[in-house]
1. Within a 10 angstrom radius of each residue's Cβ in B:295-301, how many Cβ atoms of other chains show up on average? Whole number is fine.
2. Within 10 Å of each Cβ of B:201-209, how many other protein chain Cβ atoms are there on average?
3. Reported to two decimal places, what Rg/Rh ratio describes segment B:269-308 when computed on Cα atoms with Rh from the Kirkwood expression?
4. Restricted to Cα positions, what overall size does segment B:589-642 have along the principal axes? Three whole-Å values, descending.
5. Remind me, relative contact order of chain B in percent, using alpha carbon pairs under 8 angstrom and six or more residues apart?
6. For segment B:229-283 and segment B:295-357, write down the distance between their C-alpha centroids in whole Å.
7. How do the peptides B:80-86, B:64-70, B:366-372 rank, highest first, by the average count of neighbouring beta carbon atoms within 10 Å per residue?
8. Using the 10 angstrom Cβ neighbour count as an exposure proxy, how do A:83, B:161 rank, fewest first?
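Please treat every number below as a calculation from the coordinates, not as lab data. Nothing here was measured: the structure is a model prediction, and the numbers come from that model. Don't worry about glycine lacking a Cβ; one is built from the backbone with ideal geometry, like all the others, and counts go over all protein chains shown.
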Ligand code: SF4
Ligand code: SF4
Ligand code: SF4
């Protein structure tokens, strides 16, 4: 699922935090959050991987107090909204 | 002890462009003594370059180093370095940049990349995990860094590829050519781009799919989380490095008309305030992995004026100061245009500002005339002329061919006593305003890379809102106000402290702008020791860091002694800084006191265990650091300190 995040700085710290959640180490490859460049416009696209996407899908950070991607984001207000929307959609699908 | 090497990728990759040989060796043997990145690079350069090698010789080596903490979310850990024998000073050359290529290099399995030899035709290097290929780059040659990256992304249908590349300046062996990360970040100074050009290497692309592990993950992540709190409420990200504008005016740290004046004329201060420019044209932040301040880059879209339509992230203070105000250019958006152009051409902003600033001052004084310039009038404030000259420098056309040598060598070519107006340290164009900030001045003038404020200068002196009580604690120094920019007291000790801090940052890949370099409340050596110890699973203390950093510094120094004639006189500020008081502004009349400065330099050498007369390291100092062989080498060339 893709979201527009106009104030994302594209630092990918969230990707490193996410790979840590899944595997206990750091890589871009094992992240369920992908930061994708936009063409010239401000911000980045935030993609959260789901079943069926290539890669490890986001498990809504089960077992963590705060989602790790969010915890390490320096522009977290927007990311929080994105995660809330994503999590609630996931819940709807699950129900 | 476990066999696994944590935090590091574990290998050094060597690529020989002359014969196509590719090999690897373990990083392990270098780690304890040299730490990583810049530290390992100077060791390799010192050991492997024969003393008769010259910068553009295929025997020279170009070494990229991903900081030891790269690939982890440690605060500010995203810097890759490049080191070589440089064409500007003729000695140690080094530059760093935020770099996704650095992260990918580590994820591909390599801590450093050593480029050797010279390709017979233009090539680029492809690094994808174990797959290393030297590929044809003839269609990229001649292109700007922006066009070359667009072309390769399109060809390979991968819009997220990251690359470091050179532009026309590097191809044309402009002495101050630099290497550009993607489009908007530069491995500044020292002419490393020209060395890359001399090897016919246009670009390096890295893609890594492996992971980096730390030894004590919980402790490590706990430290990251806790230290992130130090940045809450900081506004250093808001304008990035332009944040220092007001403070610079207060301490007479602004460059106006090639350092003739140290402040922006009051009537222009607001008009060209670069923070206002950023506020007006900002469309979003631009940041890099781990950055504590949320990114110092600002994406700008210029919607009016002569550069209307330009979209770029170029809001670096250094460009504003070293080109725009040095050349007295009043158009507020000029800094954005100039920075973008330099990045496209692969030009160091300080060489551009330094050479053109020197030329404009010589023109003002009638030393250079239109006969020299091919008919160009070099009036202060002429933005179009500045941009035209930057292009001419990159392509070595007309008068640009002389300016491409940098101000020090250009002054030698022109003669006519023009060297007094060539503002440089050890032959490298200067950006730092030295009068009015003593610790900043000492750190810059003594720097082994030839000026620059990232290997020892007390940057904190020049940044706003730093508290003296806190500074006393952080620097562990007993003087009244360690950040009093006009005081000589304690400055030798503080510069030594910063030499350690900067070298540890550079070796681990941590951004100075995320540390006490700019804000006394940010992370410092003890925090970084905690990151590093948790990452590698062995306790490394601040004292260990100090020893490693001093070993590095002494080797940089010895490397310079081998390849250059540098001595005590080369650790002085420029002749103008010593001869003229500050002519106007808040510090009008203040001057560097030559006797005080000499006393400070004595104190500085003494603290380092270097000979006061020559600046050379002594045998005792070198041997204490485990550098006996280096002492023997220096003795042979008569450059061992007494
Ligand atoms: S919430 Fe999802 S994307 Fe974010 S860190 Fe957790 S698993 Fe990764
Ligand atoms: S979402 Fe946050 S952490 Fe991720 S890239 Fe954007 S700014 Fe950085
Ligand atoms: S402050 Fe700027 S240079 Fe430093 S890590 Fe952040 S984005 Fe990079």
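1. On the way: counts 6, 1, 3, 1, 6, 0, 3.
Neighbouring Cβ atoms belonging to other protein chains average 3 per residue here.
2. Details: counts 0, 0, 0, 0, 0, 0, 1, 3, 4.
Mean partner-chain Cβ count within 10 Å for B:201-209: 1.
3. Working: Rg = 12.2 Å, Rh = 11.4 Å.
Checking Rg against Rh, the ratio lands at 1.07.
4. Extents along the principal axes: 48, 20, 14 Å.
5. Numbers: 1478 pairs, mean separation 94.9, N = 642.
After rounding, I find 15 percent.
6. A separation of 14 Å, based on Cα centres.
7. Working: B:80-86: 28.3, B:64-70: 31.4, B:366-372: 14.0.
Going from most to least packed, we get B:64-70, B:80-86, B:366-372.
8. On the way: A:83 23, B:161 19.
Placing the least packed residue first, the sequence is B:161, A:83.
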